Every structure is written in C-alpha cells, then in structure tokens.
Amino acid sequence: MTTLGAAIIGCGAIYPLHAKAISAITDVNLLTVVDIDVDKAKQAGIEYACHVTDDYREILNDNHIDVVHLCTPHYLHAEMAVELLHAGKHVLTEKPIAVDLPSAKLMLDAAVKSSGQLGVVFQNRYNDASIYIKKTIDSGALGKLLCMKGIVTWHRNESYYRDSNWRGRWSTEGGGVLINQTIHSLDLLQWFGGEITSVKGSVTTDVLDDVIEVEDTAHACIDFANNVRGLFYGTNTYLENSPVELELVFEEGTLTLRRDYLYLWKDGKESLVCQPIFSPTEGKSYWGTGHKRLIEDFYDHIFSGRKFWLDGSEGIKALELVKAIYSSSQRNK
C-alpha cells in the first residue's frame, strides 16, 4: 500500500484530534504542521516530530504531502481549500465548509476539477446513536418519521470571543451560535429529515450584544419534503455546556438522545438501545469521539480510490440551512 503524507494547517484547539488520528493510521505520516503563530507550530512540530512552517503555500508544491487537514478559522477555509485542490491535494476541512455559500461553491467547483477529494468534518454523523437513528429511519423499523427536535444549550463567555479576534464577526466567523456550535446538530436534523422545503427562524443576541456582532441564540421551525417537521433551539447563553438533546417521533415509537444515551419509548416502555463509548479523547468532551472514525474513513476512501461520502456537496447542506435561518430572521418570512 502507498504511504500518504499529511499536513495540518492551524494548530489551535481542534488540531490535536486530527494529529492523533493521523498518527494512529497505518501508512499515513504527519509531515508538516502550519500556523502563523510560530510558537504554536513549533510546539506541534516537536510533539509530532514533523516539519514546521508559518506559510501554508509551502505545501502546494510539496509532492510528499497528499492530504491536508484545515483546522483554521472559518474565513480561511475556502481560499486555502481552493488552492490546495488546484494543486491536487486531498483536503479535509473542519466545519463550516465556508463562511458563505458563494465561497463554499468555489470549493465544490475546485473539487470537481481536482484529482484530490474534499471532505467536511461533521463527526457527529459517526456517533453510534446517530448511525442507529439513521438506520431506523431508512429501514422503516419504527414506521414513518413524523417529527423531531434538537436542543443545544451551551456556554461561551466574553473571553472566548475576545481571545480570538476572528470570532463573533460576520466576515470571519460567518455568524455565531448557529454556524459554530449548533451547526453539528442542524446537520444531523437535515441528514435525518432529507430535503427541506421551508424554514422559519429567528436569531437574537441575548447576552453578548456588547461583545459580538453575531447571534448567541436562535430557534427555527424546519419543514421537510416528506412532511416531517423539525424544531430547533440553540444558545450560547446558558451557564453550562449541557449535552445535546434530540427527539425523533415515529409512528411506532420515539427515539430520545439524553446525555449521549439513546432511548426507545415503545408500547409504554422505555429501553436503552445505544450507549456512548467512553474513551480518552483530545479536546472538549462534547466534541465526542467521532473525529477519529471520520478521519479514518476519509483515508480509507482515499486508499481505496472511492469517493468520500461526506464531501463538499454533502457538507454544504448544513451551511445552506444556517443561512436560511439567518435570511428568515432578517426578512421575518
């Protein structure tokens, strides 16, 4: 099997999940880490015994690097991905795919013309509970899906935004709680529900209005082509990072996700049908353990020459939903 060389651009909070996952894959070597903060890059370079640079363009003509992981601020995803794809690199980008839809579509166009693949990180699709829910929907085991809801109540304080000057700005973050924290849950709702026909939503800045120019709270009513209705609420104004809550009501039962445990209510009884795998992981606990699975799957597709399923055309759907909620709120329509 051919050995693949990898690089990571961005050595912030999320990069260790990528670095450790890469290091555990046979026939994949992490060769380069990139960050404009040289100290961060050097520290990562020491930890993973790899080359360090503050200029990602060095990667473009480096024939030893086949795969590039984008762990950069949102507004840098599109520009970097397009250049890397034009250079024939495989690109795996953290969410969101981009800060706006025109930028995301440039990435999709570049991927079509590239010999490399574009993948988008929505790791929660790889959670056991998410897989169980999707199989239940597709198999019809509980009959038709009728409705569903998702609730995210997390906490982000002033320092979270003040310590990173790209956060909390429309031009660089692309939004607030919707595009950063709750986009994973919105992605699951649209993955479960399918084609969306209409969205009515609103966004507000309830607590952090003197700190950020984007929203810290949002809600939406989402109607799907199959007559399923989805309700969503998300906020960064809680004083705790509570576990995400999901509920899916079927004709013959209800699936509920509580504290990462999935329960089935059927015939007047509740049973545990799926429980999380608790294992040591880098980063915040509520990021889950899906990163490792997703990254392994991305490389498996590259090695086998198959098209990665969570590609640009799939990864853009959550951004389209986020932008639809923003548009609905602005137009009150």
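Please treat every number below as a calculation from the coordinates, not as lab data. Bear in mind the structure is a predicted one, so any value in this text is a computation, not a measurement. Cβ placement follows ideal geometry from the backbone for every residue including glycine, while neighbour counts extend to all protein chains displayed.
Remark: the chain carries a charge dipole of roughly 780 debye about the Cα centre, counting +1 on each Lys and Arg Cβ and -1 on each Asp and Glu Cβ.
Computed over the chain, relative contact order equals 19 percent, with contacts defined as Cα pairs under 8 Å that lie 6+ residues apart. Each of Ser313 and Glu47 was given a label point 7 Å from its Cα along the Cα-to-Cβ line. The distance between the two points is 3.7 nm. Using 0.36 nm per residue and subtracting the Cα-Cα separation, the extra length available between Asp55 and Ser139 on full extension is 25.4 nm. Normalising the Debye intensity of the stretch 1-56 to I(0), with uniform scatterers on Cα atoms only, and taking log10 at q = 0.23, 0.28 Å⁻¹ returns -0.81, -1.13. 3J(HN,Hα) couplings calculated from phi for the stretch 212-220 with the Karplus curve 6.51 cos²θ - 1.76 cosθ + 1.60 (θ = phi - 60°) are, in sequence order, 10, 9, 10, 8, 10, 8, 7, 9, 7 Hz; Gly and Pro show x. Round to a whole angstrom and tell me the spacing of the C-alpha centers of the stretch 150-166 and the stretch 36-99. Using only Cα atoms to place each centre, the spacing works out to 25 Å. Placing dummy labels 7 Å off each Cα toward the beta-carbon, the span from Asn227 to Trp265 is 2.2 nm. Farthest toward the positive end of the dipole of the chain, out of Pro102, Leu4, Gly143, is the Cα of Gly143, where the dipole comes from beta carbon charges about the Cα centre. Think of the chain as a dipole: +1 on every Lys or Arg Cβ, -1 on every Asp or Glu Cβ, centred on the Cα centre; then among Asn165, Ala49, Val121, Val121 lies furthest on the positive end. Counting only residues at least eight positions apart within a chain, or on another chain, the lysines with an alpha carbon under 21 Å from that of Lys266 are Lys134, Lys135, Lys144, Lys149. With the chain treated as a Gaussian network of Cα nodes joined by springs under 10 Å, which of Ser164, Ser23, Ser115 yields the largest mean-square fluctuation? Most flexible of the set in this elastic network: Ser164.
Just subtract the alpha-carbon distance of His64 and Lys333 from 0.36 nm times their residue separation and send over the number in nm, one decimal.
On the way: separation 269, 0.36 × 269 = 96.84 nm, distance 5.10 nm.
Once the chain is fully extended between His64 and Lys333, it gains 91.7 nm.
Relative contact order, whole percent, for the stretch 4-123 stands at 23, derived from Cα pairs under 8 Å and 6 or more residues apart.
For the listed peptides 80-87, 152-159, a ranking on the average number of other beta carbons within 10 Å per residue, highest first, reads 80-87, 152-159. Taking θ as phi - 60° and the Karplus parameters 6.51, -1.76 and 1.60, the scalar couplings of the stretch 190-205 work out to 6, 5, 6, x, x, 4, 9, 9, 7, 9, 10, x, 8, 10, 9, 10 Hz in sequence order, x denoting glycine and proline. When you filter the GluC sites (Glu not before Pro) in the stretch 190-268 for DSSP loop state and at most 16 other Cβ atoms inside 10 Å of their Cβ, you are left with Glu195, Glu213, Glu240, Glu251, Glu252. Compared with the alpha-carbon gap, the fully stretched path from Ser171 to Ser304 is longer by 44.1 nm at 0.36 nm per residue.
For the stretch 81-168, a Kirkwood radius taken over Cα pairs fed into Stokes-Einstein (37 °C, viscosity 0.692 mPa s) yields D = 198 µm²/s.
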